[in-house]
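Participant: Okay, here's the structure, questions in a sec.
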Amino acid sequence: MEQHRIAIFDLDGTLVDAYDAIHRALDLTLREMGHPGISYEEARRSVGGGDLALLSRLVPEEQIQQARTAYRARHIELLGEGARLMPGARELLCWLARRKILIAAATNRSRTTALPLLSRTGISPLFDLVVTAEDVERLKPDPEQILRILSHFSCPPHHAVFVGDMVVDYEAGRRAGVPTIIVLTGSSRREEFADTGALLCENLFQVREEIRRRFPARVLARR
């Protein structure tokens, strides 16, 4: 029996640019709760650890759950106009599907916001599995999300590839034993990977070529 091949993706900064929706929702939530607002760049650099970790740095402990509820509601409202696909994302996912490579997401987003994000950017039908913050006990950089995906499909690490944009993604992939590609379109800068030996790509078009080298072509379409 032929084993599955899987391409696993982080979402924000990797496949999707939702930084505007994140910033606007976060800024509105903070201001309405009587706290200073946050700049776009500060919000962009602060994501990646999940909304609980993000808000824990910005509001007192007793306000975290209130802020989280308000932030998620506003964020979902803003996704329609404040989120878009990264250049080459749809083309990459469709190319993977044609090559019978399974597609999964490993995201520190909550399921509450991850699924609407995939739906509103039109790529939800292309995913075979989505693993979010609620599906695991430990978020990236812990490898639990990636290991859960591998286990679900009974896939060995060398038959998978993980694509992310942050140091937490690189660490999660490394600890899962999965070949990992970092695309420099998100929150982490090139210099943050200087001593890691990470494979870096400028964009998703380069990522596609890296995956092409790792996974030989298949003739039959999956869908």
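Participant: Quick one: count up the residues across the range 121-175 that are within 13 Å of the chain's Cα centre (by Cα), open to solvent by 20 Å² or more (accessible area, probe 1.4 Å) and closer than 18 Å to Phe193 by Cβ.
Facilitator: Looking only at that region, the number is 5.
Participant: Is it true that some residue in the range 46-53 is of a type outside the set (A, V, I, L, M) and open to solvent by 60 Å² or more (accessible area, probe 1.4 Å)?
Facilitator: no
Participant: Still on this structure, please answer the following. Exactly one condition in (1) aliphatic (A, V, I, L, M); (2) without any contact (Cβ under 8 Å) to a residue 12 or more places away in the chain; (3) touching a helix residue (DSSP H, G or I) at 6+ places or on another chain (Cβ under 9 Å) is false for Val131; which is it?
Facilitator: Of (1) aliphatic (A, V, I, L, M); (2) without any contact (Cβ under 8 Å) to a residue 12 or more places away in the chain; (3) touching a helix residue (DSSP H, G or I) at 6+ places or on another chain (Cβ under 9 Å), only one is false for Val131: (2).
Participant: Hey, among the residues in the range 1-37 that are among the hydrophobic types (A, V, I, L, M, F, W, C), over 19 Å from Leu117 (Cβ atoms) and surrounded by fewer than 19 Cβ atoms within 10 Å (Cβ to Cβ), which one's modelled with the highest pLDDT?
Facilitator: Filtering the range 1-37 down to residues among the hydrophobic types (A, V, I, L, M, F, W, C) leaves 1, 6-9, 11, 15-16, 18, 21-22, 25-26, 28, 30, 33.
Of the ones still in play, those that are also over 19 Å from Leu117 (Cβ atoms) are 1, 6, 30, 33.
Pick out the ones that are also surrounded by fewer than 19 Cβ atoms within 10 Å (Cβ to Cβ) and you get 1, 33.
Details: Met1: 50, Met33: 95.
Residue satisfying both the conditions and the ranking: Met33.
Participant: In addition: Could you please give the count of residues in the range 1-26 that are of a type in the set (D, E, K, R), in contact with a strand residue (DSSP E or B) (Cβ under 9 Å, 6 or more places away or on another chain) and part of a loop (DSSP other than H, G, I, E, B)?
Facilitator: Within the range 1-26, residues that are of a type in the set (D, E, K, R), in contact with a strand residue (DSSP E or B) (Cβ under 9 Å, 6 or more places away or on another chain) and part of a loop (DSSP other than H, G, I, E, B) number 2.
Participant: Quick one: what pairs do we get from the range 153-182, first residue under 18 Å from Gly48 (Cα atoms), second among the basic types (Lys, Arg) and open to solvent by less than 30 Å² (accessible area, probe 1.4 Å), C-beta under 7 Å, 6+ apart or different chains?
Facilitator: Val168/Lys140; Asp169/Lys140; Ala172/Lys140
Participant: Given the residues Ala97, Ala114, which is the only one that is at pLDDT 95 or above, part of a helix (DSSP H, G or I) and more than 12 Å from the chain's Cα centre (by Cα)?
Facilitator: So the residue among Ala97, Ala114 that is at pLDDT 95 or above, part of a helix (DSSP H, G or I) and more than 12 Å from the chain's Cα centre (by Cα) is Ala97.
Participant: Take the residues in the range 37-69 that are among the charged types (D, E, K, R) and under 17 Å from Ala133 (Cα atoms); name whichever of them is nearest to the chain's Cα centre (by Cα).
Facilitator: Per the stated criteria, the residue is Asp51.
Participant: Among the residues of the range 174-194, is there at least one that is small (Gly, Ala, Ser) and not in a loop (DSSP other than H, G, I, E, B)?
Facilitator: Pass one, the range 174-194, residues small (Gly, Ala, Ser): 176-177, 186-188, 194.
In the following step, the residues that additionally are not in a loop (DSSP other than H, G, I, E, B) were identified as 176.
Yes, the range 174-194 has at least one match.
The values are calculated or read from the model by the stated rules, or taken from the named source; none is laboratory data. The shown structure was predicted, so the numbers you read here are calculated from the model rather than taken from an experiment. Every residue, glycine as well, gets a Cβ built from its backbone with ideal geometry; the counts of neighbours run over all protein chains shown. Note: areas computed on protein heavy atoms with side chains; ligands, DNA, RNA excluded. Shrake-Rupley method; radii C 1.70, N 1.55, O 1.52, S 1.80 Å.
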